[in-house]
Protein chains: 2
Amino acid sequence: MADLARRLAVARGDELADVVVDGGRVFSVFTREWLECDVAIVDGYVAGLGEYAGKEVVHANGKYVVPGFIDAHMHLESSKLLVDEFARLVLPFGTTAVVADPHEIANVLGTDGVHWLADLCTDLPLDVFFMASSCVPASEFESPRRALSPGDLEGLLRRRRVIGLAEMMNFPGVISGDPKELAKLALRSSHVDGHAPGVLGKELQAYAAAGIRSDHEVSSVEEGRERLRAGMWLLIRESSAARNLHDLLPLAEEFGPGRIAFCTDDRDPEHIAEEGHVNSMVREAVAFGIPVEDALVMACFNAAQWHGLRDFGAVAPGYVADLLLLDDLEQFMPATVLKRGRAVEEIPRPEVPDWVKHTVRIQPVANNDFQIEWKGGGKARVIGLVEGQIVTEALEEEPLVEEGLAVADPARDLAKIAVVERHLGTGRIGLGFVRGFGLERGAMASTIAHDAHNIVVVGVDDGDMARAVQRLAEIGGGLVVIADRGVQAELPLPVAGLLSDAPLAEVVQASQACVAAAEALGCKIAAPFQILSFLALSVIPKLKITDRGLVDVDRFELVPLGAS
Amino acid sequence: MADLARRLAVARGDELADVVVDGGRVFSVFTREWLECDVAIVDGYVAGLGEYAGKEVVHANGKYVVPGFIDAHMHLESSKLLVDEFARLVLPFGTTAVVADPHEIANVLGTDGVHWLADLCTDLPLDVFFMASSCVPASEFESPRRALSPGDLEGLLRRRRVIGLAEMMNFPGVISGDPKELAKLALRSSHVDGHAPGVLGKELQAYAAAGIRSDHEVSSVEEGRERLRAGMWLLIRESSAARNLHDLLPLAEEFGPGRIAFCTDDRDPEHIAEEGHVNSMVREAVAFGIPVEDALVMACFNAAQWHGLRDFGAVAPGYVADLLLLDDLEQFMPATVLKRGRAVEEIPRPEVPDWVKHTVRIQPVANNDFQIEWKGGGKARVIGLVEGQIVTEALEEEPLVEEGLAVADPARDLAKIAVVERHLGTGRIGLGFVRGFGLERGAMASTIAHDAHNIVVVGVDDGDMARAVQRLAEIGGGLVVIADRGVQAELPLPVAGLLSDAPLAEVVQASQACVAAAEALGCKIAAPFQILSFLALSVIPKLKITDRGLVDVDRFELVPLGAS
């Protein structure tokens, strides 16, 4: 109350503001005007717009003053960085708040991991809000360390800054009325993010009727239009592996930006470092032809609106003073970022406790663990990559058979893929084929393997596949590229097998080295490890693989390798 | 959960809907399209839009299907009807939900009265949401039966359907940082309605900085524009005494309807019976030139948005099935009203307990209680009515003096006005003058006297004024018109002195008789009792009167009758 009294005194002009931003053109998300006025800031909040005096003055000199950008849906873990380093990375691009689903860490470390991650965010100059991870595991076909129960979610939802239920990825379960999924929705019906790739028609009506009112898995105008009509927010995603922005911007033109926000979902650190973060979506939207004001509203206020973050996303009295000063309305690269009214100072590095490391526990693996016996001929199911998408095709091909074994066939771009359970050391391995990587030799593997984050490995040589898995166990998780039994490149991710505790530059360098090494083995797709990591995600159509085997996502069941 | 499972089964098309509305053009508040599709309804909720079959079918035959209208801010008591009768009145006009501030009943009957009123609403086919009355009394210059403390508010806020803090009418207190007002804001910072007539500039910034994000007291485009820029919702009001719609619709044209909703605030029963309710605002907005889709969105979805009523205001899966079928897009008089998917059936009449009646307790009054001693000459402060507004002017006039007493002077349209405390029988009376009624003889009085609802009486004859007050005590409150000591017309309002327990027709007839009787005494303004009732409201500029005397609202202090 003392804070509020002080804020009002500053607003009235009776006390000096802590900081005044003067001489700027201030964007109103409410009226879409550019207001020529000062912004008075006290205790990290905007006190008033008008003519004000302050103890400190930031001279905007005609710059554009806009709200900090808000990422409406993302996974911190995709940056492969600890959150302090993530904050160092994205704040200069103008992202001042994110809404994170911590389901990667939750799959590996349970609710303990989520609380550890949330604790790390407490004092950051980046507001991190969490959604309670609703689907750990993403489906019954995946094997996390442990499943989160409705009770686990209830506990998470009581934590400050946990604002709702994260993406309900088990959309087949929701639509069919699975009591386990409905029990989760009953926990907190007020705010639930969706995830319903490709769902249309009556299935979509059912998904929306369950009270799920957003979706970020939209890749076509038709899907987007149906969701908007069904009352769902469209969270347009531009992740490293799924770039939906250009395809969906026509919806902002057709219906206005009112029910659309921007999100990055899963963005690689090198992608962020090169292209930026939410600001890159604003830049591309404006280049596409979206009015600047519409693009900005989608990048800040609308994300806050959808998530009920009532004090975020606007430069107006009573709002958190997250402000960007922009030189122009084309690049959206802030000249100045004020987080809660202050320039961002040095962010301390946190201690990382031992218990979040040492998470890779496997049985010893050898060549023959990756052999596929093939008797009687016939076609095999093959996961078919789709360029620039995380959905896959379900192909069928006659495998190359040698000595009763179905083997990789680089000539036809048919590699082997395997998922090795790595939380409990059960020795469970799922085996299959994939087309699209273009691998000519060797293997590549990752402990980032959505969502259960077992080890996913793709290769054309069983020995290299085994070596890749062994190597990841040795370094406590990460990415690795193997050829001729030797490590070509690797990125250690010792924190849960998901995150590095190294600075951005090291991570990006090692990550790029891994991509380059994969290219040297013939891999010809962009962001190959991103793509690889989603091949284990059993809730994205059409054909995926887990440690339990191949999953036909449309039928939502395990299917045998043989295509009958 | 069983309900949700059934809703999903209907959405999927696996079970028959309870009701299907087929063949309509369904308005999407999200895309502003008119969708040609069926609406499937189950358990009072929309299950899906598409092609559906149901146990019952309502054939829309090309009619327009729109969400039920929502009144964003109103006082049930202004209808002078018990809420069951209010529901009977407004449902045919398409109002299916209201957000009510019960501060009239709270001034007379405290939180007990609010709970009684809320209980009455429980089973109504009208969704009544309440805001906890933040300002009982409206200011320290008013005398309700008892003041509501922050603790009282805390209790109310825990009640289901109490969704926030009602209009913070003590805007001078908020702006100045009065700890008593800030303590109320600290109770529930998330949702607070505003009330800040005429406040502009830094004062408005302070009011908004307190977290108050709506205002319905706006009467000019300039005021409205400032509020929108400050992040406040504009609740455009069209009450009986304050008609702001036409003046403010240009703001919907200038900035779009995104942050604007409609409200009736205080609407007389005869006003509703003659012109309609929220639907009249849609009709007038469309006639004014506002696009139909914009007018509709302001009348339903936006009110729900502002108040966080997430399942109201749209025809979409998961939303409450409040639907109107319209023949045209000009009259907005529903051909059919479906409340939670059903036609409205007979609404039972409630029992009214004794304790909510018998609320008028006064000392005996006589002619000399209304005498104003006037020594030494000089001007008197005079309340000046402003046509069609509830704000007043602060005038100064030489009173007519007879035998040392300042008396009414009908020739110059100077009547006497008094407010008599009526809750505790203290005998406290505030006296003053008013210009604008045009009374030539007699007196008129009311126990509806915002917000403390003491007795307000205006007249040109002290004896008739005394008789009017006595008569109201005899009938337990209401409206009365007196001439030559005789009752010319009266409307008994025995419930708290605010509400009738009679049917609409009787209330309207008696109310109209009162207005006609006032006209016969020379009164020449529209809605004279509405205007009269607001002359005691000490938070509407400029000059008002309570049982404690004249209030200069701009200076926010009691002022003497003599203009110095």
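The values are calculated or read from the model by the stated rules, or taken from the named source; none is laboratory data. Predicted model, so just to flag it, every value in this text is computed and none were measured. Counting neighbours? That spans all protein chains shown, and the Cβs are built from the backbone with ideal geometry, glycine included. These accessible areas exclude ligands, DNA and RNA; they are computed on the full protein's heavy atoms, side chains included. Shrake-Rupley method; radii C 1.70, N 1.55, O 1.52, S 1.80 Å.
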- request: Output the residue which, of all residues in the range A:285-303 that are within 23 Å of the chain's Cα centre (by Cα) and small (Gly, Ala, Ser), is surrounded by the most Cβ atoms within 10 Å (Cβ to Cβ).
  value: A:Ala299
statement: Picked from the range A:183-198 (must be open to solvent by 10 Å² or more (accessible area, probe 1.4 Å) and out of contact with any Pro (no Cβ under 9 Å at 6 or more places or on another chain)), the residue farthest from the other protein chains (Cβ to nearest Cβ) is A:Arg188
task: Pull up the range B:148-177, narrow it to residues that are at pLDDT 95 or above and out of contact with any strand residue (DSSP E or B) (no Cβ under 9 Å at 6 or more places or on another chain), then point me to the one that is surrounded by the fewest Cβ atoms within 10 Å (Cβ to Cβ).
output: B:Ser176
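Scan A:Val507, A:Val456, A:Val539 and give me the residue that is in a loop (DSSP other than H, G, I, E, B) and touching a Ser or Thr at 6+ places or on another chain (Cβ under 6 Å). Let's see the steps before the verdict.
On the way: A:Val507 fails: in a loop (DSSP other than H, G, I, E, B); A:Val456 fails: in a loop (DSSP other than H, G, I, E, B).
That would be A:Val539, the only listed residue that is in a loop (DSSP other than H, G, I, E, B) and touching a Ser or Thr at 6+ places or on another chain (Cβ under 6 Å).
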field: Selected residue [aliphatic (A, V, I, L, M), closer than 28 Å to A:Gly24 by Cα and either touching a residue at least 12 places away in the same chain (Cβ under 8 Å) or open to solvent by 40 Å² or more (accessible area, probe 1.4 Å) (or both)] from A:Leu324, A:Leu385, A:Leu395
entry: A:Leu324
- request: For B:Arg145, state whether it is over 30 Å from B:Leu550 (Cβ atoms), in a loop (DSSP other than H, G, I, E, B) and charged (D, E, K, R).
  value: no
task: Test each condition in (1) within 11 Å of chain A (Cβ to nearest Cβ); (2) at pLDDT 95 or above; (3) open to solvent by 10 Å² or more (accessible area, probe 1.4 Å) for B:Leu228 and report the one that comes out false.
output: (3)
message: Looking at the range A:98-117 only, could you name the residues that are farther than 20 Å from A:Ala273 by Cβ, surrounded by 21 or more Cβ atoms within 10 Å (Cβ to Cβ) and not acidic (Asp, Glu)?
response: A:Val99, A:Pro102, A:His103, A:Ile105, A:Ala106, A:Asn107, A:Val108, A:Leu109, A:Thr111, A:Gly113, A:Val114, A:Leu117
field: Single residue of A:Val29, A:Val99 found to be within 11 Å of another protein chain (Cβ to nearest Cβ), closer than 30 Å to A:Val218 by Cα and at pLDDT 95 or above
entry: A:Val29
- prompt: Residues in the range A:9-65 that are open to solvent by 40 Å² or more (accessible area, probe 1.4 Å), farther than 25 Å from A:Glu330 by Cα and in a loop (DSSP other than H, G, I, E, B): how many?
  reply: 7
message: Pull out all pairs, ordered by first then second residue, where Cβ-Cβ is under 9 Å, the residues are six or more apart or on different chains, the first lies in the range B:1-24 and is under 13 Å from B:Asp38 (Cα atoms), and the second is basic (Lys, Arg) and in a helix (DSSP H, G or I).
response: B:Ala11/A:Lys202; B:Gly13/A:Lys202
- prompt: When you go through A:Asp22, A:Asp14, A:Asp3 one by one, which is the residue that is modelled with pLDDT under 95 and either among the charged types (D, E, K, R) or under 30 Å from A:Pro269 (Cα atoms) (or both)?
  reply: A:Asp3
- prompt: Can you name every residue in the range B:199-210 that is out of contact with any strand residue (DSSP E or B) (no Cβ under 8 Å at 6 or more places or on another chain) and surrounded by fewer than 22 Cβ atoms within 10 Å (Cβ to Cβ)?
  reply: B:Leu200, B:Glu203
Any chance B:Leu91 is more than 14 Å from every other protein chain (Cβ to nearest Cβ), open to solvent by less than 10 Å² (accessible area, probe 1.4 Å), on the phi < 0 side of the Ramachandran plot and in contact with a Ser or Thr (Cβ under 8 Å, 6 or more places away or on another chain): no
message: I need the full set of residues from the range A:78-88 which are part of a helix (DSSP H, G or I) and either open to solvent by less than 10 Å² (accessible area, probe 1.4 Å) or over 16 Å from A:Ser500 (Cβ atoms) (or both), in order please.
response: A:Ser79, A:Val83, A:Asp84, A:Phe86, A:Ala87
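Can you find a residue that is at the interface with chain A (Cβ under 7 Å from one of its Cβ atoms), assigned to a helix (DSSP H, G or I) and either open to solvent by less than 10 Å² (accessible area, probe 1.4 Å) or not acidic (Asp, Glu) (or both) anywhere in the range B:211-225?
Looking only at the range B:211-225, we keep the residues that are at the interface with chain A (Cβ under 7 Å from one of its Cβ atoms), and these are B:211.
Those left that are additionally assigned to a helix (DSSP H, G or I): none.
No: the range B:211-225 contains no residue that is at the interface with chain A (Cβ under 7 Å from one of its Cβ atoms), assigned to a helix (DSSP H, G or I) and either open to solvent by less than 10 Å² (accessible area, probe 1.4 Å) or not acidic (Asp, Glu) (or both).
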- line: Those residues of the range B:261-276 that are in a loop (DSSP other than H, G, I, E, B) and either aliphatic (A, V, I, L, M) or over 19 Å from B:Gln389 (Cα atoms) (or both) come to a total of 1
query: Is at least one residue of the range A:304-320 surrounded by 24 or more Cβ atoms within 10 Å (Cβ to Cβ), away from every other protein chain (no Cβ under 14 Å) and closer than 19 Å to A:Ser280 by Cβ?
result: no
